[in-house]
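Data block below; observations after.
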Amino acid sequence: MIALSEAYLRLARPWTTAEIGDRFREALGDAPAEASTGEDPQSARPIGALALAIPSCASLAVAVHVLHVVPEGADDELANQLLTASARNAAEGIRHCHRSLELDAAAQGYSAEAWLPVVYENAAPLLESARATDEPPTIVTHVQAAVSWLSQAFVELDSGAAETSSALAGAIAHLLAIWVFAEVALGRTA
């Protein structure tokens, strides 16, 4: 039986940046491989790589919203499918946002790796504050925030603003919190 309320309770604890870093690397490894082996010219640009996150984030939003309206214990198979889809789509969103960060870093002359501690520091309180009783539930709020950060990153990339890395870090942090939630609810991570 999948108990979302129990998953929320397991998240609501102090998280170290090392733990978050481990989860980040797991999420990158959990992301589906590219469908084609050839390099898509659009994905070689930061905004093109970021655009590839849109379908997975849209699917993630639907899965998370539906998951939270299905009564707990009513349909464990459906909950399992929605959590699996949430984990997969969050991981894919993380991968595309991270790739966009790497490409922007190369183009703008900063280090994408230097932004990972910011992601970890931002993700920790998102997990610690997880509450099933909030309205809407915390993970639903994180999906909305991830989409907002993703939109902000598009604006920043389009204008060539220096705040692009911050917006991408915000999107990744929220997507990572959602991925950890899904993995915990599925019992695949402690």
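Taking the condition of being more than 17 Å from the chain's Cα centre (by Cα), hydrophobic (A, V, I, L, M, F, W, C) and within 24 Å of Ala58 (Cα to Cα), how many residues in the stretch 103-151 meet it?
2
Do we have Ser166 as surrounded by fewer than 18 Cβ atoms within 10 Å (Cβ to Cβ) and either farther than 21 Å from Ser111 by Cα or in contact with a Lys or Arg (Cβ under 6 Å, 6 or more places away or on another chain) (or both) here?
Spelling it out, it is not the case that Ser166 is surrounded by fewer than 18 Cβ atoms within 10 Å (Cβ to Cβ) and either farther than 21 Å from Ser111 by Cα or in contact with a Lys or Arg (Cβ under 6 Å, 6 or more places away or on another chain) (or both).
Please go through the stretch 1-29 and give me each residue that is at pLDDT below 75 and surrounded by fewer than 19 Cβ atoms within 10 Å (Cβ to Cβ), ordered by number. Even if it seems obvious, please write down each step before you answer.
Start the filter on the stretch 1-29 by keeping residues that are at pLDDT below 75, which leaves 1-2.
Met1 - this is the single residue of the stretch 1-29 that is at pLDDT below 75 and surrounded by fewer than 19 Cβ atoms within 10 Å (Cβ to Cβ).
Which members of the stretch 106-138 meet the condition of being of a type in the set (Val, Ile, Thr) and buried (at least 19 other Cβ atoms within 10 Å of the Cβ)?
Once the filter is applied, which keeps residues that are of a type in the set (Val, Ile, Thr) and buried (at least 19 other Cβ atoms within 10 Å of the Cβ), the stretch 106-138 yields Val119, Thr138.
For a quick check of your reading of the model, give me the residue pairs whose first member lies in the stretch 68-89 and is under 24 Å from Thr133 (Cβ atoms) and polar (S, T, N, Q), whose second is at pLDDT below 90 and in a loop (DSSP other than H, G, I, E, B), with beta-carbon atoms closer than 7 Å and at least 6 apart or on different chains.
What qualifies is Asn80/Ile2.
Identify all residues within the stretch 131-164 that are in contact (Cβ under 8 Å) with a residue 12 or more places away in the chain and within 23 Å of Glu19 (Cβ to Cβ); write none if there are none.
Within the stretch 131-164, Arg131, Ala132, Pro137, Thr138, Ile139, His142, Val143, Ala145, Ala146, Trp149 meet the criteria.
Could you tell me which numbered condition Trp149 fails, if it satisfies all but one of (1) surrounded by 13 or more Cβ atoms within 10 Å (Cβ to Cβ); (2) over 23 Å from Trp15 (Cβ atoms)?
Single failed check for Trp149: (2).
The values are calculated or read from the model by the stated rules, or taken from the named source; none is laboratory data. Predicted, not measured: the structure shown is a model, and the values here were computed from it. Here Cβ is always computed from backbone atoms with ideal geometry, including for glycine, and neighbour counts include all displayed protein chains.
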